Amino acid sequence: MYWRSKDILARPEWSLNRSLYKSMGYTDDELDRPLVAVVNSWNTIVPGHFMLNDIAKAVKEGIVSAGGTPVEFSTIAACDGIAQGHKGMRYILPTRDLIANSIEMMIQAHRLDGMVLIGSCDKIVPGMMMAAARLNIPAIFINEGPMPSGIFEKENPYGGPFVDSSAVQEGLGALKAGRLTLEDYCMLEDVACPFPGSCAMLGTANTMCCVAEAMGMSLSGSAMIPPTEALRLRMAKETGKAIVQLIEKGITARDIINKDSIENAARLALAIGGSTNLALHIIAIALEAGVEFTLDDLDRLARKTPHVAAVMPASPYGCAEFYHAGGVPAVMKQIESLLHCDALTVNGRTVRENISDVVVKDDRIIRSMDSPFHKDSGLAVLKGNLAPDGSVTKPAAIPEHLWHFRGRARVFDSERDAIDYIEAGKVERGTVLVIRYEGPKGGPGMPEMFKPMKLLAGMGLAEDVALITDGRFSGSNNGCFVGHISPEAFEGGTIALVKDGDIIDIDIINKSLNVDLSDEELNTRRGKWIQPEPKIKEGYLYLYSKLASSADKGAVLRYDK
């Protein structure tokens with residue numbers, strides 16, 4: 001049987017390479033097996049990656065038991081939560097492409113035969129999936145799993161006993177508004193994150209882990225297993241076995257990542273009301289796989305996919321509760337008629353075979369298509385004169401009475417200015433906060449507007465104020481918000497022309513986002529607009545600002561665009 005590593009390990013020409021491996025203790029027998037990369041993004045900064053060494057150990061045991069030889073290397077991994085609300089957030093999205101590129105470099109330099117991708121959090125998962133699609137070798141993904149929900153009932157933003165990490169930021173708004181004491185707030189800090197794992201809510205991290213499973217790139221049922229469950233380690237061992245089988249069968253990433261599986265993944269994310277960041281990442285993964293998938297495709301699927309699973313922040317229940325309700329397989333069973341059920345998955349079975357015996361275990365969290373939480377999907381694409389190339393919102397986390405919101409604009413040219421304004425208690429009810437020059441190029445790095453939204457919610461303003469931006473949002477945000485506005489302000493998009501007092505119309509029902517200005521007035525303002533100087537003029541962020549595509553194109557590094 002042929003595999004790539006044989007090309008550089010055959011005697012006598014490649015004895016040097018064998019000798020270098022032998023210096024680390026590899027035996028002839030091990031070098032005559034397929035070499036499987038264990039791509040481990042472990043560190044002691046990110047809770048969702050804190051236990052990945054345990055996952056990697058189990059994966060390597062599975063690889064060895066199936067007849068392969070594991071070789072391990074690391075990638076960077078940054079924490080969106082720790083990076084929120086300061087300059088660090090500008091660096092988060094650009095790490096996605098760094099991760100994809102670094103994996104490509106290591107795999108190609110050493111001619112490895114397959115890879116197990118081990119990660120959990122927001123940009124790491126899509127970065128790894130992009131690398132898999134680009135390299136097109138046998139590949140499989142496994143994550144650490146979502147941390148259990150914390151327990152805290154005072155001023156609970158979700159209306160039940162469970163809280164997550166983002167409730168701490170929302171609690172800061174409640175503290176500033178006098179609705180929570182400092183003693184209680186410190187208690188919330190202590191209990192919100194009871195165990196390592198990706199954050200308990202359906203943010204970008206858990207959304208993308210679910211997407212990987214729905215796309216067929218993870219073992220069925222694996223995405224939402226909490227790290228506290230022994231099944232997590234058993235699944236890691238099975239993942240190690242599965243990659244060797246994929247190598248032996250010659251099944252590569254693009255045999256699994258194709259138009260059908262990408263649509264399946266999008267359907268799943270729409271049905272669970274996943275993070276708005278899905279819109280960036282699914283387009284980026286499709287691009288690497290050579291599949292045409294645009295924001296218009298996401299819109300097309302969204303209009304025909306009901307919202308059938310509700311998880312924090314759209315419900316009182318976290319991802320651990322979602323897992324016990326049936327998780328990804330149960331949702332896929334509920335929307336089976338919308339899926340490409342013949343799509344292949346990494347266990348060698350089709351989607352139809354994987355979900356044939358699946359049942360829903362808790363209809364408070366997962367419903368049928370006949371009685372969904374919302375008849376439309378949990379995500380929506382809005383267009384209009386304010387976003388001619390599109391924008392993204394999350395109706396799953398927005399009360400229905402806010403699905404049409406009109407208000408006067410209060411404009412900020414940075415997130416920091418908006419935060420200062422909110423914390424000073426200056427926000428008037430009925431206002432639409434406009435935060436611009438925070439897109440891929442203008443940010444640079446397209447930071448999340450997590451903190452402003454959480455402050456508004458904690459101060460009791462989430463149902464009276466809207467926020468729109470060319471930046472991003474966290475999957476944990478709730479209230480009325482629209483992000484990813486394209487074209488962004490830095491490239492002269494309409495959002496750059498908005499002034500204080502302009503009327504903004506957000507209409508999720510009719511999928512539109514407009515400013516009440518005539519074309520003539522907009523053209524007059526456009527003629528006077530001057531592009532500002534870049535905020536950062538050195539380092540990787542400067543490179544990213546020069547090469548990143550628009551948000552509607554995935555915000556990827558493309559030198560040819």
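The values are calculated or read from the model by the stated rules, or taken from the named source; none is laboratory data. These numbers were taken from a predicted model, which means no experiment stands behind them. Every residue, glycine as well, gets a Cβ built from its backbone with ideal geometry; the counts of neighbours run over all protein chains shown. Areas reflect the complete protein model, heavy atoms only, side chains present, ligands, DNA and RNA absent. Shrake-Rupley method; radii C 1.70, N 1.55, O 1.52, S 1.80 Å.
State whether the residues of region 190-201 include one that is open to solvent by less than 50 Å² (accessible area, probe 1.4 Å), in contact with a strand residue (DSSP E or B) (Cβ under 9 Å, 6 or more places away or on another chain) and among the polar types (S, T, N, Q).
The initial filter retains those residues of region 190-201 that are open to solvent by less than 50 Å² (accessible area, probe 1.4 Å), namely 191-192, 196-201.
Then keep just the ones that are in contact with a strand residue (DSSP E or B) (Cβ under 9 Å, 6 or more places away or on another chain); that gives 191-192, 197-201.
From what's left, among the polar types (S, T, N, Q): 198.
So far as region 190-201 goes, yes, one or more of its residues are open to solvent by less than 50 Å² (accessible area, probe 1.4 Å), in contact with a strand residue (DSSP E or B) (Cβ under 9 Å, 6 or more places away or on another chain) and among the polar types (S, T, N, Q).
Those residues that are open to solvent by less than 40 Å² (accessible area, probe 1.4 Å), of a type in the set (Val, Ile, Thr) and part of a loop (DSSP other than H, G, I, E, B), I need them from region 344-391; list them, please.
Selection gives Thr345, Val346, Val358, Ile365.
May I ask you to list the residues in region 319-364 that are touching a residue at least 60 places away in the same chain (Cβ under 8 Å) and under 23 Å from Cys199 (Cα atoms)? Don't jump to the end; show me each part of the working.
In the first step, residues of region 319-364 are kept if they are touching a residue at least 60 places away in the same chain (Cβ under 8 Å); the result is 319-323, 327-329, 331-332, 334-335, 338-340, 342-349, 351, 354-355.
Cys319, Ala320, Glu321, Phe322, Tyr323, Gly327, Val328, Pro329, Val331, Met332, listed by residue number.
Taking Ile99 as meeting all but one of (1) within 15 Å of the chain's Cα centre (by Cα); (2) not in a helix (DSSP H, G or I), write down the number of the exception.
(2)
How many residues are modelled with pLDDT of 95 or more, open to solvent by less than 80 Å² (accessible area, probe 1.4 Å) and part of a helix (DSSP H, G or I) when one looks only at region 5-53?
Adding up the residues that qualify gives 15.
All but one of (1) surrounded by fewer than 24 Cβ atoms within 10 Å (Cβ to Cβ); (2) of a type in the set (A, V, I, L, M, F, W, C); (3) in contact with a Ser or Thr (Cβ under 8 Å, 6 or more places away or on another chain); (4) under 22 Å from Lys383 (Cα atoms) hold for Ala271; state the number of the condition that does not hold.
For Ala271, the failing item is (1).
Restricting attention to region 411-426, does a residue exist that is touching a strand residue (DSSP E or B) at 6+ places or on another chain (Cβ under 9 Å), of a type outside the set (Ser, Thr, Tyr), open to solvent by 20 Å² or more (accessible area, probe 1.4 Å) and in a loop (DSSP other than H, G, I, E, B)?
Yes, that holds for at least one residue.
State yes or no: is Ser120 more than 18 Å from Val244 (Cα to Cα), of a type in the set (Ser, Thr, Tyr), surrounded by fewer than 24 Cβ atoms within 10 Å (Cβ to Cβ) and at pLDDT 95 or above? It would help to see each step written out before you state the result.
Numbers: more than 18 Å from Val244 (Cα to Cα): yes; of a type in the set (Ser, Thr, Tyr): yes; surrounded by fewer than 24 Cβ atoms within 10 Å (Cβ to Cβ): no; at pLDDT 95 or above: yes.
Considered against the rule, which asks whether it is more than 18 Å from Val244 (Cα to Cα), of a type in the set (Ser, Thr, Tyr), surrounded by fewer than 24 Cβ atoms within 10 Å (Cβ to Cβ) and at pLDDT 95 or above, Ser120 comes out as no.
Please find, within region 226-242, the residue that is farthest from the chain's Cα centre (by Cα) out of those that are closer than 24 Å to Cys341 by Cβ and open to solvent by less than 50 Å² (accessible area, probe 1.4 Å).
Just the residues of region 226-242 that are closer than 24 Å to Cys341 by Cβ, to begin with: 235, 238-239, 242.
So of that shortlist, the ones also open to solvent by less than 50 Å² (accessible area, probe 1.4 Å) come out as 235, 239, 242.
Values: Met235: 22, Thr239: 22, Ala242: 25 Å.
Going through the qualifying residues, I end up with Ala242.
Answer yes or no: is there a residue in region 398-406 that is open to solvent by less than 30 Å² (accessible area, probe 1.4 Å), on the phi < 0 side of the Ramachandran plot, aliphatic (A, V, I, L, M) and modelled with pLDDT under 95.
Checked against the condition, which is being open to solvent by less than 30 Å² (accessible area, probe 1.4 Å), on the phi < 0 side of the Ramachandran plot, aliphatic (A, V, I, L, M) and modelled with pLDDT under 95, region 398-406 yields at least one hit.
Looking at region 155-172, is at least one residue buried (at least 24 other Cβ atoms within 10 Å of the Cβ), small (Gly, Ala, Ser) and without any contact (Cβ under 8 Å) to a residue 60 or more places away in the chain?
The answer is yes; a qualifying residue exists.
In the list Ile92, Ile103, Ile118, Ile151, which residue meets the criterion of being in contact with a Gly (Cβ under 9 Å, 6 or more places away or on another chain) and farther than 20 Å from Lys451 by Cβ?
Values: Ile92 fails: farther than 20 Å from Lys451 by Cβ; Ile118 fails: in contact with a Gly (Cβ under 9 Å, 6 or more places away or on another chain); Ile151 fails: in contact with a Gly (Cβ under 9 Å, 6 or more places away or on another chain).
Going through Ile92, Ile103, Ile118, Ile151 in turn, the sole match is Ile103.
Which of the residues belonging to region 81-98 are closer than 13 Å to His281 by Cβ, of a type in the set (A, V, I, L, M) and touching a helix residue (DSSP H, G or I) at 6+ places or on another chain (Cβ under 7 Å)? Reasoning before the result, please.
Going through region 81-98, the residues closer than 13 Å to His281 by Cβ turn out to be 92-93, 95-97.
Filter once more, so that each one left must be of a type in the set (A, V, I, L, M): 92-93.
Ile92 - this is the single residue of region 81-98 that is closer than 13 Å to His281 by Cβ, of a type in the set (A, V, I, L, M) and touching a helix residue (DSSP H, G or I) at 6+ places or on another chain (Cβ under 7 Å).
Within region 315-359, track down each residue that is more than 30 Å from Ile398 (Cβ to Cβ) and of a type in the set (S, T, N, Q).
Thr345, Asn347, Thr350, Asn354, Ser356
Scan region 255-276 and tell me whether some residue there is of a type in the set (D, E, K, R) and within 15 Å of Asn347 (Cα to Cα). Full working, then the answer.
Start the filter on region 255-276 by keeping residues that are of a type in the set (D, E, K, R), which leaves 255, 259-260, 263, 267.
Now drop any that are not within 15 Å of Asn347 (Cα to Cα), which leaves 255.
There is at least one residue in region 255-276 that is of a type in the set (D, E, K, R) and within 15 Å of Asn347 (Cα to Cα).
Is region 461-477 home to any residue that is touching a Leu at 6+ places or on another chain (Cβ under 9 Å), open to solvent by less than 20 Å² (accessible area, probe 1.4 Å) and on the phi > 0 side of the Ramachandran plot?
no
Are any residues in region 206-218 in a helix (DSSP H, G or I) and open to solvent by less than 10 Å² (accessible area, probe 1.4 Å), and if so, which ones?
Filtering region 206-218 down to residues in a helix (DSSP H, G or I) leaves 206-214.
Correct list: Asn206, Thr207, Met208, Cys209, Cys210, Val211, Ala212, Ala214.
Considering region 219-272 alone, what residues qualify as being in a helix (DSSP H, G or I) and polar (S, T, N, Q)?
Step one: of region 219-272, the residues in a helix (DSSP H, G or I) are 230-249, 253-256, 259-272.
Passing the criteria: Thr239, Gln245, Ser261, Asn264.
Here are Ile536, Ile504: which of them is open to solvent by 10 Å² or more (accessible area, probe 1.4 Å) and either at pLDDT below 95 or within 16 Å of Ile435 (Cα to Cα) (or both)? Please lay out each step first, then the result.
On the way: Ile504 fails: open to solvent by 10 Å² or more (accessible area, probe 1.4 Å).
Residue meeting the stated conditions: Ile536.
Considering region 418-432 alone, what residues qualify as being over 19 Å from Ile506 (Cβ atoms) and among the hydrophobic types (A, V, I, L, M, F, W, C)?
Just the residues of region 418-432 that are over 19 Å from Ile506 (Cβ atoms), to begin with: 419-421, 423-426.
Of everything in region 418-432, those that are over 19 Å from Ile506 (Cβ atoms) and among the hydrophobic types (A, V, I, L, M, F, W, C) turn out to be Ile419, Ala424.
Scan region 131-143 and tell me whether some residue there is at positive phi, surrounded by fewer than 22 Cβ atoms within 10 Å (Cβ to Cβ) and outside any helix (DSSP H, G or I). Full working, then the answer.
Quick first cut of region 131-143, residues at positive phi only: 136.
Restricting the remaining residues to those that are surrounded by fewer than 22 Cβ atoms within 10 Å (Cβ to Cβ) gives 136.
If we keep only those that are outside any helix (DSSP H, G or I) too, we end up with 136.
Yes, there is a match, as at least one residue in region 131-143 is at positive phi, surrounded by fewer than 22 Cβ atoms within 10 Å (Cβ to Cβ) and outside any helix (DSSP H, G or I).
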